[in-house]
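Worksheet: the structure to be examined is printed underneath.
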Amino acid sequence: MRETFAHGAEAVLSHQQLTSYLLIAAIVVAVGIFGWRTYAQRQSVKASAAFDDAMKIFQAPVGVPAAAGEITYTDATKKFTDAEQKFSDVSSKYPRTRSGELARYYSALSLEKLDKNNQAKQLLQGLVGSSDAEVAGLAQFELAGLDDRMGQGDEAVKLYQQLMAKPTVLVPKPVVMLALAGHYVEKNPSEAAKLYAQIKSEYPDTPIAEQADQALALLAGKS
């Protein structure tokens, strides 16, 4: 009887110890998760503030007298050089935040303004694989336009077609269709006209349908 009681007491004690260990482990995990979330939130706040500062430079007027508290530039090259550096700093310091990814996108735009297209293309290609569908869509659309300007029309068409099949909120299908039609205007006007007509049919009474109608009128004038 005494031995049975002793074994029972040991079992209860062991169970209590295991429960205590599990409770401690759960607390440690919870504290870790809370700490990580707090850190991530702080990083996101810092990244957002740094991104906003960079955007002020990117959007700063050129050759216009500065208003109180406003940034202005006398030279566009200097402006986009400063903007690219700022965006690059944000993306390197906060790479895992949405502001960090957007900073890479705007860094690419700044590089385009500086005629550094190969560097811009490299950044955009990296962003196309982003887990953020909106950032990826923006990068893909910009990359398609850049490919077109660099004489890589076939690559541009592939990217536009991919976006048409899988559009995003920030890069909707009719916008992609309009860009693709613009690609075809010179070399394949009949295909361009087909796309413009499709836009008018599928998205009537919208501003983009009006743009398509105007583009069709221009095409008719050239023929």
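Each value in this text was obtained by applying a stated rule to the coordinates, not by laboratory testing. Quick caveat: nothing in here was measured; it's all calculated off a predicted structure. All Cβ positions, glycine included, derive from the backbone under ideal geometry; neighbour counts span all protein chains shown.
How much of the calculated P(r) for region 32-182 lies past 27 Å, in percent of all Cα pairs? Taking all Cα-Cα pairs of region 32-182, the fraction more than 27 Å apart is 31 percent. Within the shell defined by Cβ-Cβ distances under 14 Å, the residues around Leu178 carry a net charge of -2, with Lys and Arg each +1 and Asp and Glu each -1.
Structure note, pairs Lys113/Lys200; Lys158/Lys222; Lys121/Lys200; Lys93/Lys158; Lys200/Lys222; Lys166/Lys187: Cα-Cα distances above 24 angstrom occur for Lys113/Lys200; Lys158/Lys222; Lys121/Lys200; Lys93/Lys158; Lys166/Lys187. One equal scatterer on each Cα of region 172-223, no solvent, Debye formula: the resulting log10 I(q)/I(0) at q = 0.18, 0.21 Å⁻¹ is -0.46, -0.62. In region 117-217, which trypsin sites (Lys or Arg not before Pro) fall in coil by DSSP and have 16 or fewer other Cβ atoms within 10 Å? Listed in order of number, the matching sites are Lys187. Partner lysines whose Cα lies under 18 Å from the Cα of Lys116, excluding those fewer than 8 positions away in the same chain, are identified as Lys78, Lys79, Lys86. Positive-end ranking of Ala133, Ala156, Pro189 along the dipole of region 72-223, with charges on Cβ about the Cα centre, is headed by Ala133.
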